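This report refers to the structure that appears directly beneath it.
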Amino acid sequence: MNAKTWLVLGASLGALGVAAGTFGIHYLPKYLEAAGAIAALAERQQWWETGVRYQMYHALALLGVAWVADRRKTLPPNLAGMAMFAGTIIFSGCLYALGLTGVRVIGAIVPIGGVLFIVGWMMLAVAGLGLVEESQQQKLTAREKLLRESKPAADEAAVEVPADLEG
């Protein structure tokens, strides 16, 4: 995948996160009241809000993945993006389902999304280490190039014979 894909996915998750947050505040209480589940409102809203919060965190993280993937076209940024995206679908998606239905067995799946988040962050760290190494290598290469370019000029200056010494 490329940086554009991660940028689009991150921005889309962000937009959907705002929509989910709006639903959770304005419509979830009405939905639960109509379903006769008003007694469980606080707990189910908390699940919903946690899903929204982690979706927004990882929407922003995918924007970071896009930035890294643009600079480092290797596997680690893509693995980070895949893990974070899948983690968001599983973690936040299950919390949304839990908030809507109250079916607690869904909660058993949520930790899988959490593990994927951790994997995603670790892969982003690996990608970041590679960025630092590449940046240092580019600086060394640039210095070597400057030295090579300036060295012939210094050699030519040393070979020149001043006009007053010419015979």
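Where a number appears in this text, it was derived from the coordinates with a stated rule and is not lab data. As the structure is a computational prediction, the values presented were derived from the model and not from experiment. Heads up, the Cβs are rebuilt from the backbone with ideal geometry, glycines too, and the neighbour counts pull from every protein chain shown.
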### Query
Expressed as an acute angle from 0 to 90° and rounded to the nearest 10, what is the orientation of the C-alpha long axis of helix 41-71 relative to the principal long axis of the chain?
20
### Task
Give, as ranges by residue number, the residues of segment 76-102 whose backbone N falls under 17 Å from the point 7 Å along Cα→Cβ of ARG53.
88, 91-99
### Query
What is the local net charge at ASN2, summed over the other residues whose Cβ is closer than 14 Å to its Cβ (Lys, Arg +1; Asp, Glu -1)?
+3
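Using helices alone, what [θ] at 222 nm do you get for the chain, with -39,500 (n - 2.57) per DSSP H run of 4 or more residues, divided over all residues and rounded to the nearest 500? Can you show the working numbers first?
Numbers: 5 runs with 139 residues, N = 167.
Rounded to the nearest 500, it is -30000 deg cm²/dmol.
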#### Entry: Sequence ranges 35-42, 120-127, ranked by mean other-Cβ count within 10 angstrom, highest first
120-127, 35-42
#### Entry: 12 Å cut-off, amide nitrogen to a point 7 angstrom out along ALA35 Cα→Cβ, residues in segment 102-130
102-104
### Query
For the Cα atoms of the chain, what angle does the longest principal axis make with the long axis of helix 3-26, in degrees from 0 to 90, nearest 10?
30
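To the nearest 0.05, how large is the calculated FRET efficiency for GLN46 and VAL18 if R₀ is 22 Å and r is the Cβ-Cβ distance?
Details: r = 19 Å, r/R0 = 0.85.
The calculated FRET efficiency here is 0.70.
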#### Entry: Within a Gaussian network of the chain (alpha carbon springs, distance under 10 Å), most fluctuating of GLN45, GLN55, GLN137
GLN137
